[in-house]
1. Considering only the range 30-104, give the helices (runs of 4 or more DSSP H) lying wholly within it that have at least 1 residues that are open to solvent by 60 Å² or more (accessible area, probe 1.4 Å) and of a type in the set (A, V, I, L, M, F, W, C).
2. Among the residues of the range 247-276, how many are surrounded by fewer than 19 Cβ atoms within 10 Å (Cβ to Cβ), closer than 21 Å to Leu124 by Cα and not hydrophobic (A, V, I, L, M, F, W, C)?
3. Answer yes or no as to whether Val248 is within 30 Å of Arg309 (Cβ to Cβ) and at pLDDT 95 or above.
4. Read through the list (1) open to solvent by less than 70 Å² (accessible area, probe 1.4 Å); (2) modelled with pLDDT of 95 or more, then give the number of the only condition that His279 fails.
5. Report, by residue number, each residue of the range 449-470 that is open to solvent by less than 10 Å² (accessible area, probe 1.4 Å), out of contact with any Pro (no Cβ under 6 Å at 6 or more places or on another chain) and in a loop (DSSP other than H, G, I, E, B).
6. Which of the following residues is crowded, with 24+ Cβ neighbours inside 10 Å and under 28 Å from Val326 (Cα atoms): Ser147, Ser176?
7. Against the condition touching a strand residue (DSSP E or B) at 6+ places or on another chain (Cβ under 7 Å) and either aromatic (Phe, Trp, Tyr) or in contact (Cβ under 8 Å) with a residue 24 or more places away in the chain (or both), how does Leu208 come out, does it pass?
8. For the range 321-339, what are the residues that are small (Gly, Ala, Ser) and surrounded by fewer than 24 Cβ atoms within 10 Å (Cβ to Cβ)?
Amino acid sequence: MDHSQAPVLDALAAYHSENQTPFTPPGHKQGRGADPRVRAVLGDAVFRSDVLATSGLDDRTSSHGVLAKAQELMADAVGAEHTFFSTCGSSLSVKAAMLSVAGPHEKLLVGRDAHKSVVSGLVLAGIVPVWVDPQWDAERHLAHPPSAEAFRAAFAEHPDARGALVTTPTPYGTCSDLPAIAETCHEHGVPLIVDEAWGAHLPFHPDLPTWAMDAGADVCVTSVHKMGSGLEQGSVFHLQGDLIEPEVLKNREDLLGTTSPSVLLYAALDGWRRQMVQHGHALYDDALALAKTVRAQIAEIDGLHVHGRDDFCGPGRAADLDPLQVIVDITGLRTTGYRIADWIREHHRINLHLSDHRRTSAQLTHADDERSAHALLTALRDVADHAGELRPAPQVEVPDPADLRLEQVMLPRDAFFGRVEQVPWEKAVGRVTAEMLTPYPPGIPAALPGERLNSAVLHYLRSGVEAGMVVPDAADTEVKTVRVSVED
């Protein structure tokens, strides 16, 4: 296929050159009705290109096939059979994939380190989750993706499961043994869904971890806005094989998606595909070289340790690692990742990615260069020199794996939509949570609807909030009270 084309961008350019006049939404009419104060911040180009997908970018019947051509090119670029664009983020895409595999009261094997959007899919669909435990690194208090053996054991116990879902790479950059998990699923004649939100770049360089379609997955969900050049909410999901019909996947996306998709997001997805096909290998040559240099220089800063393959990969741990996720253990500074991130933002205007009780991280992409790397290194050296100001830091009471693993006693949907009450957190021990309690980022629920709360997890969340953890989806974001099910 001719990857010099960009159907969405070309159609948008044609729309402008033809000087079309809309009597349709959006109501700002290409910015003419927008407040000048808004245009001063957002820019006129944003409004000028914010047009309808039909009766705008394409005609009323979509006879030019603009979106269809763009999706075909994306599929060809990454070696998938079908690709669908989503302007509602991978949070929608992963739900559409789940609903294509399992229905109400049907089982789906799910890695317990799943993102909150997966839990939302369970709630919406009434799917019965069979949780597959991650691999726990007790020394570093960190979970890696579940092993293929764990999925194999779950299938042996639940042979009626309709499929499996695994998250890889994790926000920490660690990857599962996808070929082995896919093989296990296919031995049982069911599909594998991969939440590869952090892996948009993986198909475009051989030195990056193997991406889901090459590993044999059936559906792969990717957030192009995370590691690619997409705008926020720009996501794609890819399909291959015959275990899921493309019409079914598209139907589920239609059920959940918006009828007013953003052409701006489509255009960015389209342009990113062309950029990657034409220049991706060279861009990631540079990005990987920069990451190697940055990792080496951070390792020279007193009190900091950069996690690499020796820490994260091997038996009982991850199968692979994305080196562009630079995870820094700050234990030697005797403070928390929360305080490190806040101090660096305040003093250097740098936003770090993921921070927890003992780590912080920087996400590198093809957009980074010597200038941004220098700014990061300067900030980390500075915070190390000022670490004394960030002590003593409140301690987060991180439970052992056995205590972190709560018992699922109700369907997530039943707990979420059932009768609830708000109780003081001390009195929530032994109660069934009716809400997600999710440290964010990374967005993996510590407790989810239908799980029975214990003292260890509640103390973890409360101590975490006191130390700087953010739990944005709780009804009470300070977790002083918790929403629980009213049990008869």
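The values are calculated or read from the model by the stated rules, or taken from the named source; none is laboratory data. From a predicted model like this one, the values you see are computed outputs, not experimental measurements. Every residue, glycine among them, receives a Cβ derived from its backbone with ideal geometry; neighbour counts consider all protein chains shown. Calculation scope for accessible area: heavy atoms of the full protein, side chains included, ligands and nucleic acids excluded. Shrake-Rupley method; radii C 1.70, N 1.55, O 1.52, S 1.80 Å.
1. 36-42, 44-48
2. 6
3. no
4. Here His279 meets the rest and fails (1).
5. Leu453
6. Ser176
7. no
8. Restricting attention to the range 321-339, the residues satisfying the condition of being small (Gly, Ala, Ser) are 332, 337.
Answer for the range 321-339, where residues must be small (Gly, Ala, Ser) and surrounded by fewer than 24 Cβ atoms within 10 Å (Cβ to Cβ): just Gly332.
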